[in-house]
Amino acid sequence: MKKESSEYYISEIKRLKAEKNAIILAHYYQTGDIQDIADFVGDSLALSQKAASNTADIILFAGVKFMAETAKILAPEKKVLLPDMMAGCSLADSCKPEDFERFLKENPGRTVISYVNTTAEIKALSDIICTSSNAIQIVESLPEDEKIIFAPDRNLGNYVLNKTGRDIVIWNGTCHVHEEFSLEAIINLKRENPDAKIIVHPECEMPVRLVADYIGSTSALLSFTKTDPGKTYIVATEAGIIHQMKKENPQKNYIPVPPRDSTCGCSECNFMKLITVKKIYDCLSSEKPEIFLDNEILLKARKPIIRMMEISEKLGL
Ligand code: SF4
């Protein structure tokens, strides 16, 4: 095997994982080669559940920073590594703690539900965390007259508001990937593939959600393509999920929706794609960069995440 080839890095990663009792948790939006070397691949909810229940000494997170922070919050005794600290999230960045504190003061007396795609500081200011897999159920688990703040994704917030009819004030944040899908391209793809089903993530804008045959979180979209009798899917979420869809059902066709500006390649999350196999190898060898959090923030951020996990467990999610 040639030194510094991808086979070399993959075999070294396997050796280092065993030697250091480390596991790799990878998000569905990682590239296929990374998903294939991970011990567990999932969406934010499943990855949080896995981070909280494993026997490894080291968790290497192949994803973005808020996910690695969530793993550290749930497993503070473990070493949590992120191969590239620049792997941020435009959605998490759209909600700064000082602005959010002001927003909370302007909207008092509301229960604060924050999406997992937030920094540890925002989680520490929240009452319950949710993911796109459980957002509707988390809102519905509260008494009907409870007033709610939902942050930071305005599209997911609107989707939850429409589904539940609850009194919700929504923070005005967006994800640069899901905000950019081209409705025109979806309509053209549907014209070319009339039997295809349009499957959409709830972080997409309302016009894109309105043409969907099915709306769901990343893992819900994956399950849908497994159980649905259809053969072709027009997929409006980050294109990395198509790797798992093809693995699970190779005989079906999956067409990624391009962004409005097709020159920018935004249907891929450029933060997620900062992680590479080589960076995972370097990170596991040096055990750096490591996630460190202020202990007070960690303890405050833990409560709303645990509350989400308890509600999810009770509901069998
Ligand atoms: S896809 Fe959007 S929400 Fe997810 S990590 Fe990338 S920027 Fe953040």
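The values are calculated or read from the model by the stated rules, or taken from the named source; none is laboratory data. Keep in mind that this is a model prediction, so the values were computed, not measured. Cβ placement follows ideal geometry from the backbone for every residue including glycine, while neighbour counts extend to all protein chains displayed. Ligands, DNA and RNA are excluded from the accessible area calculation, which covers all protein heavy atoms including side chains. Shrake-Rupley method; radii C 1.70, N 1.55, O 1.52, S 1.80 Å.
Tell me yes or no: at least one residue of segment 116-124 is of a type outside the set (Asp, Glu), open to solvent by 40 Å² or more (accessible area, probe 1.4 Å) and either assigned to a loop (DSSP other than H, G, I, E, B) or modelled with pLDDT of 95 or more (or both).
Initial filter on segment 116-124 (of a type outside the set (Asp, Glu)): 116-120, 122-124.
Adding the requirement that they be open to solvent by 40 Å² or more (accessible area, probe 1.4 Å) leaves none.
No - not one qualifying residue is present in segment 116-124.
Do we have any residue at all in segment 158-169 that's within 14 Å of the ligand (Cβ to nearest atom), over 23 Å from Lys314 (Cβ atoms) and out of contact with any helix residue (DSSP H, G or I) (no Cβ under 8 Å at 6 or more places or on another chain)?
At the first step, the residues of segment 158-169 found to be within 14 Å of the ligand (Cβ to nearest atom) are none.
The answer is no; no qualifying residue exists.
Somewhere in segment 75-85, is a residue modelled with pLDDT under 95, touching a Phe, Trp or Tyr at 6+ places or on another chain (Cβ under 9 Å) and either among the aromatic types (Phe, Trp, Tyr) or farther than 19 Å from Gly240 by Cβ (or both)?
No, every residue in segment 75-85 fails to be modelled with pLDDT under 95, touching a Phe, Trp or Tyr at 6+ places or on another chain (Cβ under 9 Å) and either among the aromatic types (Phe, Trp, Tyr) or farther than 19 Å from Gly240 by Cβ (or both).
Restricting attention to segment 218-272, and to residues there that are charged (D, E, K, R) and in a loop (DSSP other than H, G, I, E, B), which single residue is surrounded by the most Cβ atoms within 10 Å (Cβ to Cβ)?
So, considering only residues that are charged (D, E, K, R) and in a loop (DSSP other than H, G, I, E, B), the one surrounded by the most Cβ atoms within 10 Å (Cβ to Cβ) is Glu238.
Checking Ala301 against (1) closer than 30 Å to Glu140 by Cβ; (2) at pLDDT below 95; (3) not polar (S, T, N, Q), which single condition isn't satisfied?
(2)
Show the residue pairs that are 6+ apart or on different chains and have beta-carbon atoms under 6 Å apart, the first residue being within segment 270-282 and within 22 Å of Tyr8 (Cβ to Cβ), the second being of a type in the set (Phe, Trp, Tyr) and more than 10 Å from the ligand (Cβ to nearest atom).
Pairs found: Val277/Tyr9; Lys278/Tyr9; Tyr281/Tyr9.
Name the residue, out of Ile129, Ile138, that is in contact (Cβ under 8 Å) with a residue 40 or more places away in the chain and over 16 Å from the mean Cα position of the chain (by Cα). Before the answer, list the steps.
Numbers: Ile129 fails: over 16 Å from the mean Cα position of the chain (by Cα).
After ruling out the rest, the residue left standing is Ile138.
Looking at Ile24, is it assigned to a helix (DSSP H, G or I), in contact (Cβ under 8 Å) with a residue 12 or more places away in the chain and open to solvent by less than 10 Å² (accessible area, probe 1.4 Å)? Break it down stepwise before answering.
Numbers: assigned to a helix (DSSP H, G or I): no; in contact (Cβ under 8 Å) with a residue 12 or more places away in the chain: yes; open to solvent by less than 10 Å² (accessible area, probe 1.4 Å): yes.
Considered against the rule, which asks whether it is assigned to a helix (DSSP H, G or I), in contact (Cβ under 8 Å) with a residue 12 or more places away in the chain and open to solvent by less than 10 Å² (accessible area, probe 1.4 Å), Ile24 comes out as no.
Just for segment 27-53: of the residues that are surrounded by fewer than 19 Cβ atoms within 10 Å (Cβ to Cβ) and closer than 16 Å to Thr131 by Cβ, which one is modelled with the highest pLDDT?
Phe40
Just give me the residues in segment 232-273 being within 11 Å of the ligand (Cβ to nearest atom) and under 16 Å from Ala38 (Cα atoms), in sequence order.
The first filter runs over segment 232-273 and keeps only residues within 11 Å of the ligand (Cβ to nearest atom), leaving 237-241, 266-273.
Gly240, Ile241, Met272, Lys273 - these are the residues of segment 232-273 that are within 11 Å of the ligand (Cβ to nearest atom) and under 16 Å from Ala38 (Cα atoms).
Residues of segment 88-111 being open to solvent by less than 10 Å² (accessible area, probe 1.4 Å) and more than 12 Å from the ligand (Cβ to nearest atom), which ones?
Correct list: Phe100 only.
A quick yes/no check of all residues on (1) within 15 Å of the ligand (Cβ to nearest atom); (2) under 23 Å from Ile306 (Cα atoms); (3) small (Gly, Ala, Ser):
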| position | (1), (2), (3) |
| --- | --- |
| Ser6 | no, no, yes |
| Ile13 | no, no, no |
| Ile34 | yes, no, no |
| Gly42 | yes, yes, yes |
| Asp57 | no, yes, no |
| Met85 | yes, no, no |
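Inspect segment 160-182 for any residue being open to solvent by 40 Å² or more (accessible area, probe 1.4 Å), in a loop (DSSP other than H, G, I, E, B) and in contact with an Asp or Glu (Cβ under 7 Å, 6 or more places away or on another chain) and give the result as yes or no.
no
Please pick out the residue among Ile234, Ile306, Ile311, Ile275 that is touching a Ser or Thr at 6+ places or on another chain (Cβ under 9 Å) and within 25 Å of Ile136 (Cβ to Cβ).
Numbers: Ile234 fails: touching a Ser or Thr at 6+ places or on another chain (Cβ under 9 Å); Ile306 fails: touching a Ser or Thr at 6+ places or on another chain (Cβ under 9 Å); Ile275 fails: within 25 Å of Ile136 (Cβ to Cβ).
After applying the criteria, what remains is Ile311.
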